[in-house]
Amino acid sequence: MPQPENTPAEPRFSAESPHHSDLTLRVNGTVYDVPALDHRTALIDLLREHLGLTGTKKGCDHGQCGACTVLVGGRRVNSCLVLAVTCQDAEVTTVEGLADGERLHPLQEAFLAHDAYQCGYCTPGQLCSALGLLAEAEAGHPSLVTPPGRPPGPVPLDDAEIRERLSGNLCRCGAYPHLVRAVAEVAR
Ligand code: FES
Ligand code: FES
């Protein structure tokens, strides 16, 4: 039935204020209910300040460094640019969700083996970004350096592809060659 004009289909505003909403989302397999969340809260601040998941790092807070990268619905996003309120019922993965208990994710193992970090501040974002790029290439998503007209199917991740697909993540320490080697090892 059509909704009367100006009536939200499913209002879930908090009684407290029209600028707050109750939010439910799943982070690393755990469901979180967040009451009366201010609509201006960025996803990174929800993760770090409300949920205590401080693995995700804030670098520029302007969508330019990639340090805050997490996966939402399996796709990488800059969490400083995402309003948390848009993540109702979303599946979010942060760096804390990569390891399986004490067993590190293969990407984490490869980062260690190839010394792919120095200060490590960018590492959580690099890891989440690498996880996202592996899935994107497997799904056949082209990058800027993917040859046009290639047949559909997974995109082979050579060094140029990895560099391009990681280019949204800055590392002030310059661990880039190590990062490429680590991701290449897992992509093989
Ligand atoms: S902190 Fe989000 S891109 Fe830099
Ligand atoms: S390891 Fe220091 S910023 Fe990347």
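The values are calculated or read from the model by the stated rules, or taken from the named source; none is laboratory data. This is a predicted model, so every value here is computed, not measured. Neighbour counts run over all protein chains shown; Cβ positions are idealised from the backbone, glycine included. With ligands, DNA and RNA removed, areas are computed over all heavy atoms of the protein, side chains included. Shrake-Rupley method; radii C 1.70, N 1.55, O 1.52, S 1.80 Å.
With helices as the sole contributors, the chain gives -7000 deg cm²/dmol at 222 nm; each DSSP H run of n ≥ 4 counts as -39500 (n - 2.57), and the sum is divided by every residue.
For region 120-188, the Kirkwood hydrodynamic radius from C-alpha pairs, put into Stokes-Einstein at 25 °C and a viscosity of 0.890 mPa s, yields a diffusion coefficient of 200 µm² per second.
Only Cα pairs under 8 Å and 6+ residues apart enter the sum, and on that basis the relative contact order of the chain stands at 19 percent.
Kindly identify the chain as rounded, prolate or oblate by the Cα gyration tensor criterion: order the square roots of the eigenvalues as a ≥ b ≥ c, call it rounded if a/c is under 1.5, otherwise compare a/b with b/c, prolate if a/b is larger, else oblate. Show your work: numbers first, answer last.
Values: a/c = 2.31, a/b = 1.66, b/c = 1.39.
It comes out prolate by the Cα gyration axes.
Phi angles across region 96-102 convert, under the Karplus curve 6.51 cos²θ - 1.76 cosθ + 1.60 with θ = phi - 60°, into 3J(HN,Hα) values of 5, x, 7, 6, 9, x, 7 Hz, Gly and Pro given as x. In the context of the full set of protein chains, residues of the chain present 55 Å² of accessible surface per residue (probe radius 1.4 Å, heavy atoms only). Relative to the longest principal axis of the Cα atoms of the chain, the long axis of helix 123-138 makes an angle of roughly 80 degrees. Surface composition of the chain: carbon and sulfur atoms hold 53% of the protein heavy-atom accessible area at a 1.4 Å probe. For region 59-146, relative contact order (Cα pairs under 8 Å, six or more residues apart, normalised by length) works out to 33 percent. Sequence-ordered 3J(HN,Hα) estimates for region 154-171 from the Karplus curve with 6.51, -1.76 and 1.60 and θ = phi - 60° stand at x, 8, x, 9, 7, 4, 5, 5, 5, 4, 5, 6, 9, 5, x, 10, 8, 10 Hz, glycine and proline given as x.
Here the dipole of the chain is about 500 debye; that uses its Cα centre as origin and unit charges on the Cβ of Lys and Arg (positive) and Asp and Glu (negative). How far, in degrees from 0 to 90, does helix 176-187 lean away from the longest principal axis of the Cα atoms of the chain, to the nearest 10? The angle comes out near 80 degrees.
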